[in-house]
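Below: the structure, in structure tokens.
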Amino acid sequence: MNTHSFSEYALGRLRAAKAAMQERPDTHEIIEAKDTVLARYQPAFQPGAIETIDEEILRSFLYLENNRHWSGLNRQVNRVCADMTATRAALGRLVDETCAVEDRMQPVTDIKGMGKGIITAILHVAYPDKYGVWNNTSNDGLIELGLLPKVERGASFGHRYAAVNEVLRQLANALDVDLWTLDAVWWFLHSPEKEEATEMETEVPFTSIAATSTNKTTRFALERHLHDYMFYNWETLDLAQEWNIFVRDGEPEAGYEFTTPIGRIDLLARHKSERRWLVIELKREKSSDAVVGQVLRYMGWVSKHLCDDGDTVEGLVVATEGDPQLHYALEVVPAVSFKSYEVEFRLKDGPSFAEFAKP
């Protein structure tokens, strides 16, 4: 893709984001942290050094207070460092510039917990002028602006990243910024109004929590927390008997907030033994009509863009409780089912003072 093929709309949005970013004093701290971060970690990420990298150095890099740029990488720190012998060998292959980047990703994507955000952040710090960061934020921005490159279905993570990186490099050139700064620009892509609307959509008023509570049971009214709970505790759910959260090469969390050009799927799963996909959507504060329409829209997208011949797609709506509108709608849409949830919260009497005072 040549820079002249970027639409004026896309470049205009990114230039506006760049301008908005430059007005924020906290952003200057992120940009100015580049030299400090590179001085600390770049030597450790070079060929000949990364093969023997100290576990504590790698662990520290995955925390925002040290990398100064990327939050959430630390969620996978224990999995990434579980087998340091394998991790060191895979990272050595990752930074080996004698091979094309698309041909040296496979060992590192085999390491549990190593997703595109961690892999490309390490690659970027090792070679800041050659490799951009491909994470959920930049991926969402590329999709929104119509800049995510098209690759063949089933292409390896390495080939997908090589195509994305070419776009990132040319965007950085078009915006006259380095790749570190471009990664910060993606955070400012959305207008304040859009961010506010997103926050309002996911926020649940305190009165809603109180309204669903009893003296015996407190329902988990904050669906955002349920969303995270379902993902991180998937193996404890009944759904896990038949379904796995969708993963793909280089993206172990692909099924969590799976991004499409028409919105984010809360959770995307695949059947363990059959050719079936499952779109899971939390009702949140949306109307029943809206959530059913949303599920059907996502099912249509999955059917067109992810399914192979013979695959089928189902939907699942999860909410604290159903309502007549929802159940009437699902009555004529057999491919979409409904599950309610309940989380117990109980207070137990603690030991008495006399019990505490026992010698």
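The values are calculated or read from the model by the stated rules, or taken from the named source; none is laboratory data. Note that the coordinates shown come from a computational prediction; the quantities given were computed from them, not determined experimentally. Cβ coordinates were reconstructed from backbone atoms using ideal geometry, including for glycine residues, and neighbour counts include every protein chain displayed. The area values use the complete protein model at the heavy-atom level, side chains included, leaving out ligands, DNA and RNA. Shrake-Rupley method; radii C 1.70, N 1.55, O 1.52, S 1.80 Å.
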Equivalent ellipsoid semi-axes, region 1-127, via Cα gyration tensor eigenvalues times 5, rooted, Å: 29, 19, 13
Largest-first ordering by accessible area, 1.4 Å probe, given options 124, 271: 271, 124
Probe 1.4 Å, accessible area per residue of region 227-285, Å²: 45
Isotropic mean projected area of the C-alpha convex hull, region 15-64 (nm²): 4.5
Rounded, prolate or oblate (a/c below 1.5 giving rounded, otherwise prolate when a/b exceeds b/c) for region 221-281 by Cα gyration tensor: oblate
Accessible area in the full protein assembly, largest first, 1.4 Å probe, for 15, 160, 276: 15, 276, 160
Å² per residue, accessible surface of region 71-133 at 1.4 Å: 37
In Å², nearest 10: area of residue 36 left accessible to a 1.4 Å probe: 90
Over region 90-146 - Rg/Rh using Cα atoms and the Kirkwood inverse-distance radius: 0.99
Accessible-area composition of region 246-347, carbon plus sulfur, in percent [1.4 Å probe]: 50
Rounded percent of accessible protein surface that carbon and sulfur make up, region 1-76, 1.4 Å probe: 50
Rounded accessible area of residue 99 (nearest 10 Å², 1.4 Å probe): 40
More than 11 Å apart - percent of Cα-Cα pairs taken over region 250-300: 71
Projected-area average for region 225-339 over all orientations - Cα convex hull basis, square nanometres: 7.3
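Kindly flag which residue pairs out of 116/339; 34/112; 112/339; 283/304; 18/150; 283/339 have an alpha-carbon separation exceeding 21 Å in this structure.
Violating the 21 Å limit, Cα to Cα: 116/339; 34/112; 112/339; 283/304; 18/150.
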Loop-located GluC sites (Glu not before Pro) in region 251-324 whose Cβ has at most 16 other Cβ within 10 Å (DSSP): 274, 285, 321
